[in-house]
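One structure is given here, and the rest of the page talks about it.
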Amino acid sequence: MDGMVAWTDGACSGNGTARSPGGWAVVFADGSSFSGGEPETTNQRMELRAAIEALARVPDGAVVEVRSDSAYVINCFKQRWHAGWERNGWRNSRGDAVANRDLWEQLLKLARTRRVTWSKVRGHAGDPRNEQADRLAVAAIPRS
């Protein structure tokens with residue numbers, strides 16, 4: 001694939017649905033990396049934030065592959081969950097409000113102006129850039 005490749009990862013000290021300090025990271029194939037954190041968040045929000053930050057650093061119209069170990073992020077695009085959410089007024093298949101809608105809307109807006117391929121990678125499976133993204137996301141978690 002011609003274009004950019006970005007590995008993304010999110011981390012949260014609670015690593016569940018409880019709001020805890022969290023971090024996100026992006027590592028590009030050229031070796032550049034970016035990370036940040038939030039004092040009160042969830043792991044899913046950090047995974048989304050990492051993908052948002054990756055695409056925000058890629059120009060409109062660019063070809064980019066986003067590699068993530070987050071099934072939450074990858075499956076949304078591979079299985080087109082977002083199409084159903086938008087069609088159903090941001091309700092999921094159970095009729096509940098879609099969690100993290102604010103971040104999903106940001107990510108969809110960015111994805112629609114770039115040529116994005118979404119690839120699932122196995123976490124903690126030896127992919128050097130994925131491991132680097134994980135370390136940076138963990139290091140970006142705000143400490144109290």
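The values are calculated or read from the model by the stated rules, or taken from the named source; none is laboratory data. Here the structure is a predicted model, which means the values were calculated and not measured. Every residue, glycine as well, gets a Cβ built from its backbone with ideal geometry; the counts of neighbours run over all protein chains shown.
Points worth noting:
- Region 99-117 residues that are in contact (Cβ under 8 Å) with a residue 40 or more places away in the chain, paired with ones that are buried (at least 17 other Cβ atoms within 10 Å of the Cβ) and of a type in the set (Lys, Arg) (beta carbon under 7 Å, 6 or more apart): Asn100/Arg45; Leu103/Arg45; Leu103/Arg49
- Among the numbered conditions (1) surrounded by fewer than 16 Cβ atoms within 10 Å (Cβ to Cβ); (2) within 19 Å of Ala99 (Cβ to Cβ), the only one that Pro39 does not meet is (2).
- Some residue of region 53-74 being under 16 Å from Ala140 (Cα atoms) and modelled with pLDDT of 95 or more: yes
- Picking from residues in region 95-127 that are at pLDDT below 95 and either in contact with an Asp or Glu (Cβ under 8 Å, 6 or more places away or on another chain) or assigned to a strand (DSSP E or B) (or both), the one that is nearest to Ser68 (Cα to Cα) is Val121.
- Scan of region 128-144 for residues that are assigned to a loop (DSSP other than H, G, I, E, B) and either within 18 Å of Asp30 (Cβ to Cβ) or modelled with pLDDT of 95 or more (or both), ordered by number: Ala140, Ile141
- Within region 9-29, considering residues that are touching a residue at least 60 places away in the same chain (Cβ under 8 Å) and in a loop (DSSP other than H, G, I, E, B), the one farthest from Thr117 (Cα to Cα): Ser13
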